[in-house]
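Data block below; observations after.
The values are calculated or read from the model by the stated rules, or taken from the named source; none is laboratory data. Just so we're clear, the structure is a prediction, and the values are computed from it rather than from any experiment. Methodologically, a virtual Cβ is constructed for each residue, glycine included, from the backbone with ideal geometry; neighbour enumeration extends over all protein chains shown. Remember, those area values only see protein heavy atoms, side chains included, never the ligands or the DNA or RNA. Shrake-Rupley method; radii C 1.70, N 1.55, O 1.52, S 1.80 Å.
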Amino acid sequence: MSDDSSGARLTTALRSWIAAAPPGAKLPSTRALVAEHRVSPVTVQQALRSLASLGVIETRPGVGTFVRSERAARPVDLGWQTVALGASGRRTQATPTALQSFDGDAIGLHSGYPARDLLPERLVRPAFARAARSEALMGRPPVAGLPELRSWFAADLAAQTPAGTGPVGARDVVVTPGSQGALLTAFRALVGAGRPLVMESPTYWGAILAAEQAGVEVVPVPSGPSGPDPEIVRRVLAETGARAFYAQPAFASPTGAVWDPDRAGRVLAAVRAAGAFLIEDDYARDFGIDAAPAPLATRDDSGHVVYIRSLSKSVAPAVRVAAVIARGPARDRILADTQADAMYVSGILQAVALDVVTQPAWRTHLRRLGRQLGDRRDLLLRSLREHAPDVAVATEPRGGLALWARLPDDVDLAAVVDRCRRGGLVIGPGDEWFPAEPTGNHLRLAYAGPQPERFPEAARILAAALAGATRGA
């Protein structure tokens, strides 16, 4: 009889013995089990380890093995933590809708990440295998990041920089553990707790969360399809004394807005005049559909623009790699904060990211991705127009991952979201994307999620939810 079948037979016999024994009963010794079941001591030890991992027995060194006693859970008073922690001041919910899991049978229009079939899996898997065989597996990378990856980030931005503007170099790049880490580092290093940070409204919920975590005081400015009003930005910077403005000039989340080039230049001029930083979050650089706007960082060589570029969404969620590109003392402060917070980013993840983005097939993947996103965007727009005409999408995004929709003002937004969930559709309420009070009933509807063939069904569920969610009805 094989060891595997002997072990399974012994494990089954022991489970029956344990089920009939009272809690705390002592199991027979290894010698007794060997003799009774005619197995080897190794087989006995493997069976006991298996049962211990299931939590049905416990071993007491020098005493023996016993049936685990059930320990009744007693209520614990954790009220003392209320005083120790104080008020959190948190306005955003702990797990925003974009990160929440959902029933596999439901339709998900809420995710903040592209569906798996939009990711370069054929590039990522071999990259992990190669990285595991490299020095990156056991070595510790430099604090600022792998030199080759920093050079790639710098070269990618420099390639878009026009003549006459000094391009960034590899030294200006600091690799961070994802864009969320980059935002938190930038807010702490460039703004500081208790100081004002100007921010577009609406804007990315992760930036709002990072601002709260960093303890900065958010000052919202309204931003439309072409970007914020430069005069309002200038006035707010002057009135508040803020020294940083966080923005997403290309395919802004959640609106999909792309700043008008002339307006972008005037906003940058206002930031320079205030002696401030513009923290440019270029999260959607790889998600262009029918536009490819140049980053504001390509217009600046005086250190006013601090540029954030992430690969987590476009390569794979498991590859938490991003970069902050800054010049001068700002870069040094960002590096110091990164070192204090994370010490360094996993060398394996950096090696994988570098491997993927330097493959010739990477550019081919991005071109195909743009076409796929465009098809999904168009299908969701057609579905809404046909089945849910009361859902208004004012601006067709030219890139990014989602539509920004508005519902009638007399609709109860929370009721719509709840009715949709009960109907098998998960959507993200727009309130989560405002750093201050929301200016209307909005929804963020992701077209980059799974099952685009179900978009018409999703639109019908949304229309039905709207029909019964009028305030006062």
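Could you go through region 224-236 and let me know if any residue there is open to solvent by 50 Å² or more (accessible area, probe 1.4 Å), over 25 Å from Ala405 (Cα atoms), assigned to a helix (DSSP H, G or I) and not basic (Lys, Arg). Checking region 224-236: at least one residue is open to solvent by 50 Å² or more (accessible area, probe 1.4 Å), over 25 Å from Ala405 (Cα atoms), assigned to a helix (DSSP H, G or I) and not basic (Lys, Arg). Contact map, region 257-272: first residue touching a residue at least 24 places away in the same chain (Cβ under 8 Å) and open to solvent by 60 Å² or more (accessible area, probe 1.4 Å), second residue assigned to a helix (DSSP H, G or I) and of a type in the set (A, V, I, L, M, F, W, C), Cβ cut-off under 9 Å, separation 6 or more or different chains; pairs are Arg266/Val233. Just to be sure before I move on: is Ala242 closer than 21 Å to Arg331 by Cα, open to solvent by less than 10 Å² (accessible area, probe 1.4 Å) and part of a loop (DSSP other than H, G, I, E, B) in the structure I sent? Criteria met by Ala242. The residues of region 450-471 that are touching a residue at least 24 places away in the same chain (Cβ under 8 Å), over 13 Å from Leu384 (Cβ atoms) and open to solvent by 40 Å² or more (accessible area, probe 1.4 Å), listed by number, are Pro450, Gln451, Arg454, Ala464, Thr470, Arg471.
Among the residues of region 131-158, how many are open to solvent by 40 Å² or more (accessible area, probe 1.4 Å) and modelled with pLDDT of 95 or more? Here the count works out to 4.
Taking the stated definitions as given, is Val221 more than 22 Å from the chain's Cα centre (by Cα), β-branched (Val, Ile, Thr), closer than 24 Å to Pro162 by Cβ and not in a loop (DSSP other than H, G, I, E, B)?
no
Ala98 falls short of the stated requirement of being over 19 Å from Ala323 (Cα atoms), buried (at least 19 other Cβ atoms within 10 Å of the Cβ) and at pLDDT 90 or above.
Just one residue in the set Val315, Val305, Val345 is in contact (Cβ under 8 Å) with a residue 40 or more places away in the chain and within 23 Å of Ala159 (Cβ to Cβ); that residue is Val315.
Of everything in region 28-41, what is in a helix (DSSP H, G or I) and surrounded by 13 or more Cβ atoms within 10 Å (Cβ to Cβ)? Give them in sequence order.
Thr30, Leu33, Val34, His37
Residue check: Tyr447 meets all listed conditions (1) in contact with a Leu (Cβ under 7 Å, 6 or more places away or on another chain); (2) open to solvent by 10 Å² or more (accessible area, probe 1.4 Å); (3) aromatic (Phe, Trp, Tyr) but one, namely (2).
If I filter region 194-203 for residues that are part of a strand (DSSP E or B) and either open to solvent by 40 Å² or more (accessible area, probe 1.4 Å) or among the aromatic types (Phe, Trp, Tyr) (or both), do I get at least one hit? No.
When you check Ala414 against the structure, is it aliphatic (A, V, I, L, M) and touching a Ser or Thr at 6+ places or on another chain (Cβ under 8 Å), yes or no? So Ala414 fails the test. In region 276-387, counting only helices (runs of 4 or more DSSP H) that sit wholly within it, the ones holding 2 or more residues that are open to solvent by 50 Å² or more (accessible area, probe 1.4 Å), under 30 Å from Arg116 (Cβ atoms) and at pLDDT 95 or above span 360-387.
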